[in-house]
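Here you go, one structure.
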Amino acid sequence: MVTQEYTYAYAAVSIADGQLDTLILPHVNSSCMQVFIDEVAARHPSERIVMVADGAGWHKAKSLKIPGNLRLIALPPYAPELNPVEHLWDELREKCFLNRVFDSMNALENHLEVSLREMENTKERVRSIVAWPWIINSSMI
């Protein structure tokens, strides 16, 4: 009998304009991370992408093949609050999942997909969550 099931949302956000790219994947590992970074790079082929990543093993796996238009920047250890995406997760939990119970994993994933799509379609809202003055100023250096 399964007592716990998991699904994982991956996200990258532009602090400049609130553009949000998300994928729901079955695992957090280097294979899924590769799928995600390939997808983000493909969605923005003419842009130079700098993606902030924490110290998770799948974020820094030597097996990752980083696309030419993407660069991963590692955060210092124990500082997840410096990653703008972490604040989107807080918003998602608070606004879309607080006190919710789902009948199945499919129901949860469907709700997650709708919630992420709504976030993706509200760039100004996303930007208001992630575009803090210090991060905007540091990215312009």
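Nothing in this text is a laboratory measurement; each read-out follows from the coordinates by a stated rule. All values reported here derive from a predicted model rather than from experimental measurement. Reconstructed Cβ throughout: ideal geometry from the backbone, glycine too, with neighbour counts over all protein chains shown.
Cross-link candidates for K65: which aspartates and glutamates have Cα within less than 17 Å, leaving aside residues fewer than 8 places away along the same chain?
By straight Cα distance, K65 reaches D38, E39.
Okay, moving on. Compute the length gained on full extension between L72 and S46: take 0.36 nm times their separation in residues and subtract their Cα-Cα distance, giving the result in nm to one decimal.
So the extension gain works out to 7.7 nm.
So, by mean Cβ neighbours within 10 angstrom, what's the order for 125-131, 96-102 with the highest one leading?
By packing density, highest mean first, the sequence is 125-131, 96-102.
When you count, for each residue, the other Cβ atoms within 10 Å and take the mean per peptide, how do 31-37, 43-49 rank with the highest first?
Put in order of decreasing packing, that is 31-37, 43-49.
Right, another one. So, in nm, how far is label C96 from label A16 when the simple model puts each one 7 Å beyond its Cα toward the Cβ?
Once both label points are built, they end up 2.5 nm from each other.
What fraction of the DSSP beta bridges in the chain is antiparallel, stated in percent and rounded to the nearest 5?
Restricted to the chain, the bridges split so that about 55 percent are antiparallel.
Could you sort 68-77, 82-91 so that the peptide with the highest average Cβ count within 10 Å comes first and the rest follow in order?
By packing density, highest mean first, the sequence is 82-91, 68-77.
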